[in-house]
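In what follows, a single structure is set out as structure tokens and then discussed.
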Amino acid sequence: MKKKQSTSVPSMDELMTYLNKQTGLINKRQIVRDFHIKGDDRQALKIMIRDLREKGLLQTESGSRRLKSKNILDEITTLEITGIDSMGDLVARPLEWLSKDQPPQIIITQNLIKPPAGVGDIVRARVKNMGKNCYEGSVLKRITQSDNRMVGVYENGRVYPVDRRLTQGFIVDDLPRDVYNRDLLIIEIPPIHSRSPKASFVRRIGSANDPFSATLIAIYLHNLPIAFLEQTEKEASKVKVPKASEEHPDWTHIPFVTIDGEDARDFDDAVWAEQDQNSNNPNGWHLCIGIADVSWYVRSGMAMDTDAKLRGNSVYFPDRVLPMLPFELSNGVCSLKPGEPRAALVCEIWLNAHGKKIKHRFIRALIRSERRLTYSEVQASLEGSLEINGLEKEIKALQSVYQLLKKQRQKRGVLEINVPEPEIKLNAEGKILQIKNRERLTSMELIEELMILANVSAAETLEEQKAPTMYRVHDRPSSEKVEQLNKYLRATGLTNISVDETSDARAYNSILSNKNARYNFALNEYVLRSQSQAVYSPENIGHFGLALQKYAHFTSPIRRYADILVHRSLVKTLKLGKGGLTATEEENFSQIAQHISQTERQATAAERDADDRYIAMYLAQQTGKTFNARIVSVTRFGLFIRLENPMADGFVPMRNIPGGFYDFEEEMQRLYNPKTGDILMPGDSVQATLMEATPLTGGLIFKIVLSKKKPKIQKNSKKKKQIPS
């Protein structure tokens, strides 16, 4: 008799993979149906489920046969707020996480308790599984508030918050005598359930009259570390550049150059290129990308390492930098200053005539930058208006390499979002000289492509050697964000283009290629908002935006802790000497990845907050002035707009939109006036009068101006549901 073979029962791994993808509880009948399990195989499934439950990998709903993976959160769960992302949303993690897998990312989309939940709070929240290990959460109640401290400004007996999400002012009884109006204070506010308006004095941090107060507020509001440990300073003072040796062979004969912004002070990277002399690689290229060898100086277990890990990254403000490493390293021995020997970890690469990488290797070396060049100088050289004496051959080689890498970039289909960033120029006294859109020069793209090439090489080497890798990963957009983008496309009548969860970056680029100015502005915003956030992870899922399967940050170890870890892993794996990755670090890679992803979000939010306050400070003298602007998004409460010049984001409350009552049509992503037929949608050009600028919070309030001609408002006088073309 032939033994009956069972092919329909999944393995335990297949069943757990299936359950981890579910968005909630599921019953056995659904599993049977999805795996097409028949006959006696159902008993085998029952035994498997029992075994998984006994191992603690599954749990069953009380009084029900429905079950779920331990990796799926309950609808109502307890969370710890861990940080703020680049869009200003709170991020959280489950307070109790039993699985060995990485906990999910939770974005807080509803934060309506008073005062709002903040970083460090423990809360009960309703969460919704969005798939791909990501949840959205709504805060229901605060359980504990880990830090009841508030940053505020003292005005006539009360301290008012500088965080625009808070509104209540507090009386402080124990104020020192030397506290005056407009002083910036940290106070201990009453427990969350207390109705008392009284708080306790903690410390004075400065004055709101200080022209640099915007940065000061951002630093304390986001709890950024300022001072280094005393031991860190001692260690930094003793660091010296190594001499040429077997570990750092002398490569000072190669004319490396650094290419950075005019105001750069820490130089992580230096580059060099030449035509490949190997006859086996006709018209190919040989290049070297030298990166500061921070792992040689900053070793695991040192105070400098403790401080660098705590910070996670440097933070850049218009008036200063909060460095990840002490000045002696960031601006001293690690910085690849011209004419001075420096220890570097060099990525040596060979490209063929089409710009495709043939091979690469990593080596420690002692290098010397020939020249410190700026982006504007190299740009002028590329355009033929400036000759960089003595380096003409090298600059021409770098340009040729860039042109090949750009073709490779276009070939693989990199996501090309064009959303401007503000650049704020201050003088030494803190006066704002200029606010403009940050330039995007070819010289910047040249360096960017070389850095991407080195980053890819680092990831490839470590993965090939099966070594620990701190990947830089970027997941695909979630199904909900894809639907939100498609909803806007339908609302604007662009029904010939859409995306789904399987779409690659090219599909999004086809959306961005729309030449209509109105649509192009809004589409860049919507595509940007549809994207997942790039994070650090020891698990590789690829980088969606860059269209790369293997990617890690390697090229900025002076300002990013992730890069130091990648350096250490390369040093250990390739046996390059001292300063390699330790076993303890390797064991804690997941926790470190979560921490440095959080510090990155924290830094981005602080930088954005400081920019908002400087911009509000700049515009405070222009109240009553009317600006050209575009609508960024619409809500039931009003409009978010962006000025064209200077670049600034502001809010138009519903009461400041003339013409009477407007309906918020969420499905159409627009405001509609049933009386006049006026329609306001993202991308529309408007004129907006500045009504209020609040430098302390960074808030800008505008009023829409509707002229008699109404040339810049989309008009629809026929049907309420008609979509404007």
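None of the figures in this text is laboratory data; all of them are computed from the coordinates on show. Please read these numbers as outputs of a predicted model, since none were measured by experiment. A quick note on method: Cβ atoms are made from the backbone with ideal geometry, for glycine too, and the neighbour counts reach across all protein chains shown.
How much length is gained if the chain between LYS357 and SER400 is pulled fully straight, taking 0.36 nm per residue apart and subtracting their Cα-Cα distance, in nm to one decimal? Don't skip to the end; give the middle numbers.
Values: separation 43, 0.36 × 43 = 15.48 nm, distance 1.45 nm.
Here the answer is 14.0 nm.
Of the cross-linked pairs LYS243/LYS337; LYS240/LYS393; LYS357/LYS466; LYS240/LYS425; LYS407/LYS572, which ones have a Cα-Cα span greater than 23 Å in the structure shown?
The answer is LYS240/LYS393; LYS240/LYS425; LYS407/LYS572.
Work out, step by step, the length gained on full extension between ASN27 and ILE47: first 0.36 nm times the residue separation, then minus their alpha carbon distance; give nm to one decimal. Please report the intermediate quantities before stating the final value.
Working: separation 20, 0.36 × 20 = 7.20 nm, distance 1.47 nm.
Using 0.36 nm per residue and subtracting the Cα-Cα distance, I get 5.7 nm.
Name the aspartates and glutamates eligible as straight-distance cross-link partners of LYS359: C-alpha to C-alpha under 12 Å, and not fewer than 8 places from it in the same chain.
Those aspartates and glutamates meeting the cut-off are GLU348, GLU460.
Between GLU75 and SER138, with labels modelled 7 Å along Cα→Cβ, what's the label distance in nm to one decimal, could you check?
1.1 nm
Can you pull out the GluC sites (Glu not before Pro) in segment 232-327 whose DSSP state is coil and whose Cβ has at most 14 other Cβ atoms within 10 Å? Intermediate results must be reported in sequence, preceding the final value.
Details: sites: GLU233, GLU235, GLU246, GLU247, GLU262, GLU274; in loops: GLU246, GLU247, GLU262.
Here the GluC sites (Glu not before Pro) that fit, given the DSSP loop and packing criteria, are GLU246, GLU262.
Over all alpha-carbon pairs in segment 228-343, figure out the percentage whose distance exceeds 21 Å. Mind showing how you got there, number by number?
Details: 3143 of 6670 pairs.
Cα-Cα pairs in segment 228-343 separated by more than 21 Å: 47 percent.
With each pseudo-label sitting 7 Å past Cα toward Cβ, what's the THR635-LYS487 distance in nm, one decimal?
1.5 nm
Taking the Cβ of ASN181 as the center, what net charge do the other residues with Cβ under 13 Å away carry, scoring Lys and Arg +1 and Asp and Glu -1?
0
Obtain the nm distance between the two label points defined at GLU463 and GLU429 by a simple spin-label model: each point lies 7 Å from its Cα along the Cα-to-C-beta direction.
5.5 nm
Grab the beta carbon distance between ALA507 and ALA227, set R0 = 51 Å, and tell me the FRET efficiency rounded to 0.05.
Plugging the Cβ-Cβ distance into 1/(1 + (r/R0)^6) gives 0.60.
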